[in-house]
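Input: a single structure, listed below in structure tokens.
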Amino acid sequence: MDPDPDRTRPFGEHLLGVLTGGVLTMLIGIGHRTGLFEAAARGPATSAELAERAGLHERYVREWLGGMVTGGIVEYDPADERYALPAAHAAFLTGATAHNVGPVANSLGTLGSVLPQVERCFREGGGVPIAEYAAASVGGLGETWRHVYDEHLVDGFLAPVPGLLERLRAGARVLDLGCGTGHAVNVLAREFPASRFEGLDIAVDTIAEAGAERAELGLTNAAFAVADAADLSPAEPYDVICAFDAIHDQAAPQDVLRRIHDALAPDGVFVMVDTNFSSRLENNAGDPHAPLAYGTSLLFCVPTALATGDTGLGAVWGRERAREMLAAAGFTDVRVYATPRPQNCTYVCRRDEP
């Protein structure tokens, strides 16, 4: 039976949009890394003027601009051959803000660099060690989250938690589990000088970056350590434990959640910011953030977890599965709050003991 043309044509158009988006993502990454968007935001310019502003070769800039114009990102006036980046577009392409999609394009470029390794895993099984992603990184996998922490960590993620900011102002012992480069810890340590903050991560290089930033900021109430979250067993309990987009990437997430539960003081609280999706695929079908989340999970979260021998929970483990695992870890009081980012939510979990 021949395919229905009423369905074939729209799907072909959909695929063209998908492929075009993939190319434009690469061009956005170039514009971010070379400073072309920042240069264009200074005002209309010819390709030669824009190349001079950015210190680049004009012929490459001109071809890049062709993609930007036909892709609906940059505007072009043929009368004077000048290109303009509208302010409404620049808001998503310039500046050290969470709205800037340039760092996301960089991260996707990193994921593209390890495609051969991931494809090998489709055939042979196993995973891809996280060190291979770090080696292929074109701009830092954590750059986007640094901006998110600057803008949303205190007022967006933590403020909705009843009594938490007051507790941090008074003084609390806080752990950020899976802290990466430690920017969240340093932001909190600067904001709440009466509290003591610790960051823990298994990656040696990222902990070194965390310590360097702490020293640069002159913080005395922050500390970092290289350790496996699955081995968490502090000599002194924590008042607050945080995990920002980190639990689903753990090698043994259920064990980690139990360790977190046991490491809290009796009146302690676990704050987990993670992805805001359903555990059921059919419930995510209409979510515009879901394809990117599944793709990122496939290309990063699952292979890095499988490389450690785990089953690979994945980024789209979902609210239902998260609640089940938190309950299994001993958290019977779990509440979920919205965040400024629709693709994330905040789980606030308290110990089952009174």
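Bear in mind these aren't lab numbers, they're just calculated from the coordinates by the rules spelled out. Note that this is a predicted model, so its numbers are computed, not measured. Cβ placement follows ideal geometry from the backbone for every residue including glycine, while neighbour counts extend to all protein chains displayed.
Which residues in the range 33-76 place their backbone N less than 14 Å from a point set 7 Å from the Cα of Ala88 along the Cα-to-Cβ direction?
72-75
Please find, in a Gaussian network model of the chain (springs between Cα atoms separated by less than 10 Å), the residue of Thr144, Thr46, Thr304 whose mean-square fluctuation is greatest.
Thr46
Can you tell me the FRET efficiency between Ala48 and Glu151 if r is taken as the Cβ-Cβ distance and R0 is 51 Å, rounded to the nearest 0.05? If you can, show how the numbers build up before the last one.
Numbers: r = 36 Å, r/R0 = 0.71.
The calculated FRET efficiency here is 0.90.
Looking at (i) 24.0, 75; (ii) 22.5, 74; (iii) 20.5, 65, which value of Rg and Dmax of the Cα atoms in Å comes from a calculation on the structure shown?
Here the calculated entry is (ii).
How do the peptides 172-182, 56-66 rank, highest first, by the average count of neighbouring beta carbon atoms within 10 Å per residue?
On the way: 172-182: 24.0, 56-66: 16.3.
Packing order, densest peptide first, comes out as 172-182, 56-66.
Run the paramagnetic zone check for Ala225: 7 angstrom along Cα to Cβ, then residues of the range 247-289 with backbone nitrogen under 13 Å.
Those under the cut-off are 263.
Going 7 Å from the Cα of Arg280 in the Cα-to-Cβ direction, what parts of the range 302-321 have a backbone nitrogen less than 20 Å from that spot?
Under cut-off, by backbone N: 315-321.
Which whole-Hz ³J(HN,Hα) couplings does the range 170-187 yield from phi under the Karplus relation 6.51 cos²θ - 1.76 cosθ + 1.60, θ = phi - 60°, glycine and proline marked x?
Result, ordered by residue: 6, x, 9, 9, 10, 10, 9, 8, x, 6, x, 7, x, 5, 4, 4, 5, 4 Hz.
Roughly how tilted is helix 115-124, in degrees to the nearest 10 and between 0 and 90, from the longest Cα axis of the chain?
Relative to the chain, helix 115-124 is tipped by roughly 60 degrees.
Add -39500 (n - 2.57) for each DSSP H run of 4 or more in the chain, then divide by its residues: what number comes out at 222 nm, to the nearest 500 deg cm²/dmol? Working shown, then result.
Details: 17 runs with 167 residues, N = 354.
The helix contribution divided over the chain gives -14000 deg cm²/dmol.
By the gyration tensor of its Cα atoms, with a ≥ b ≥ c the square roots of the eigenvalues, what is the shape of the range 5-94: rounded for a/c under 1.5, prolate for a/b over b/c, or oblate? Mind showing how you got there, number by number?
Numbers: a/c = 2.27, a/b = 2.04, b/c = 1.12.
Prolate, since a/c reaches 1.5 and a/b exceeds b/c.
For the range 38-48, what does the Karplus curve 6.51 cos²θ - 1.76 cosθ + 1.60, with θ = phi - 60°, yield as ³J(HN,Hα) per residue in whole Hz, taken in order and with x for Gly and Pro?
4, 5, 5, 5, 6, x, x, 7, 6, 4, 5
Using packing as a proxy for protection, rank 231-239, 88-96, 183-191 so that the peptide with the highest average count of other Cβ atoms within 10 Å comes first.
Numbers: 231-239: 13.6, 88-96: 15.8, 183-191: 21.9.
In decreasing order of mean packing, 231-239, 88-96, 183-191 become 183-191, 88-96, 231-239.
What fraction of the DSSP beta bridges in the chain is antiparallel, stated in percent and rounded to the nearest 5?
On the way: 17 of 36 bridges.
Percentage antiparallel, nearest 5: 45.
Would you mind classifying the range 251-346 by shape? Square roots of the alpha carbon gyration tensor eigenvalues, ordered a ≥ b ≥ c; an a/c under 1.5 is rounded, otherwise it is prolate if a/b is larger than b/c and oblate if not.
Details: a/c = 2.18, a/b = 1.30, b/c = 1.67.
Taking the square roots of the gyration eigenvalues as a ≥ b ≥ c, the range 251-346 is oblate.
Give me the angle, in degrees from 0 to 90, between the Cα long axis of helix 143-152 and the longest principal axis of the Cα atoms of the chain, rounded to the nearest 10.
With rounding to tens, the tilt is 60 degrees.
Could I have the simple spin-label model distance between Glu166 and Leu15, label points 7 Å from Cα toward Cβ, reported in nm to one decimal?
According to this spin-label approximation, the distance is 6.0 nm.
Roughly what angle does helix 102-113 make with the longest principal axis of the chain, taking Cα atoms, 0 to 90 degrees, to the nearest 10?
Approximately 90 degrees, to the nearest 10.
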